[in-house]
1. Quick check: anything in segment 79-86 aromatic (Phe, Trp, Tyr) and modelled with pLDDT of 95 or more?
2. Give the residue, chosen from 146, 127, 152, 156, that is of a type in the set (A, V, I, L, M, F, W, C), touching a Gly at 6+ places or on another chain (Cβ under 9 Å) and closer than 22 Å to residue 26 by Cα.
3. Which members of segment 102-120 meet the condition of being of a type in the set (Gly, Ala, Ser) and touching a residue at least 60 places away in the same chain (Cβ under 8 Å)?
4. With respect to residue 118, is the statement that it is more than 19 Å from residue 34 (Cα to Cα) and either in contact with a strand residue (DSSP E or B) (Cβ under 7 Å, 6 or more places away or on another chain) or assigned by TED's automatic domain parsing to the domain that holds residue 178 (or both) true?
5. All but one of (1) within 13 Å of the chain's Cα centre (by Cα); (2) farther than 20 Å from residue 178 by Cβ hold for residue 114; which doesn't?
6. So residue 166 fits all but one of (1) within 14 Å of the chain's Cα centre (by Cα); (2) surrounded by 21 or more Cβ atoms within 10 Å (Cβ to Cβ); what number is the exception?
7. Being out of contact with any Leu (no Cβ under 6 Å at 6 or more places or on another chain) and more than 15 Å from residue 133 (Cα to Cα) is the filter here, so list the residues in segment 90-103 that pass it.
8. Would you check if there is a residue in segment 117-129 being modelled with pLDDT of 95 or more and not basic (Lys, Arg)?
Amino acid sequence: MQFVEPSREVLAETLLAAGPGAPTLCEGWRTQELAAHLYLREHNPRVGLGMVLKPWRKATDKAIAALAADSSTPAAFAELVEKFRAGPPKMSLFAWKPIDRTANLIEFFVHTEDVRRATDRWAPRALDADYSEALWAELVKRAAILYRSVDLGIVLVDPQGPRHVAKRAPVSVAIIGEPGELAMHANGRTGQALVTFEGQPDAVALLQTAVVGL
């Protein structure tokens with residue numbers, strides 16, 4: 001099933017509900033910086049490359065900051081969000097469904113939660129079972145990269161049954177949670193992910209202070 005487009009809609013509505021100037025879990029970003037990031041990664045290939053290649057990162061940060069500054073009013077912010085909601089241009093790599101799914105399914109989920117969970121009062125969403133399975137399938141493809149800096153073995157455990165060894169090492173920690181919560185933890189939102197841990201106390205303590213994500 002295709003979940004990227006509904007996820008795009010939910011993210012757009014979440015941004016609009018929050019409005020410009022609202023906090024997010026992305027350090028240093030308000031909602032307008034997040035919206036600018038989402039729009040530029042699909043519409044400007046050079047800016048998009050700067051999100052993964054360090055030599056171009058300064059230019060990317062500058063472009064995001066400029067667009068965010070231009071989108072600080074409610075009307076301008078709503079216009080930017082609507083441009084993101086409309087999707088990538090036809091010539092964009094993101095317009096190709098396999099890349100769209102791989103690049104955006106978890107991206108949109110995590111960024112929706114970046115807005116939702118940046119407040120003192122929030123509750124986890126009840127996710128459709130098929131959606132959770134899709135998040136799990138995408139997470140296991142990249143889990144090794146996301147936990148590459150952790151000096152431990154990592155086992156991801158869905159309470160519904162699936163397990164995935166993300167990284168092997170003499171000492172391991174199991175991270176237990178629903179797929180969406182595991183995705184949050186793996187993408188560095190460790191303090192806001194509703195997960196539990198199983199392992200030696202010193203190993204769990206090491207994981208809780210480790211750098212996780214890209």
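The values are calculated or read from the model by the stated rules, or taken from the named source; none is laboratory data. Being a predicted model, the structure only gives us computed values, none of them experimental. Glycine gets a Cβ as well: all are built from the backbone with ideal geometry, and neighbour counts include every protein chain shown.
1. Narrowing segment 79-86 to residues aromatic (Phe, Trp, Tyr): 84.
Those left that are additionally modelled with pLDDT of 95 or more: 84.
Yes, some residue in segment 79-86 is aromatic (Phe, Trp, Tyr) and modelled with pLDDT of 95 or more.
2. Values: 127 fails: closer than 22 Å to residue 26 by Cα; 152 fails: closer than 22 Å to residue 26 by Cα; 156 fails: closer than 22 Å to residue 26 by Cα.
After applying the criteria, what remains is 146.
3. Taking segment 102-120 as the starting set, the residues that turn out to be of a type in the set (Gly, Ala, Ser) are 103, 118.
118, the sole residue that qualifies.
4. On the way: more than 19 Å from residue 34 (Cα to Cα): no; either in contact with a strand residue (DSSP E or B) (Cβ under 7 Å, 6 or more places away or on another chain) or assigned by TED's automatic domain parsing to the domain that holds residue 178 (or both): yes.
Here the answer is no, as residue 118 does not meet what is asked.
5. (2)
6. Residue 166 satisfies every listed condition except (1).
7. Of the residues in segment 90-103, the ones out of contact with any Leu (no Cβ under 6 Å at 6 or more places or on another chain) are 90-98, 100-103.
Scanning segment 90-103 gives 90, 91, 92, 93, 94, 95, 96, 97, 98, 100, 103.
8. Step one: list which residues in segment 117-129 are modelled with pLDDT of 95 or more, which gives 117-118.
Imposing the further condition that a residue be not basic (Lys, Arg) reduces the set to 118.
Yes - at least one qualifying residue is present in segment 117-129.
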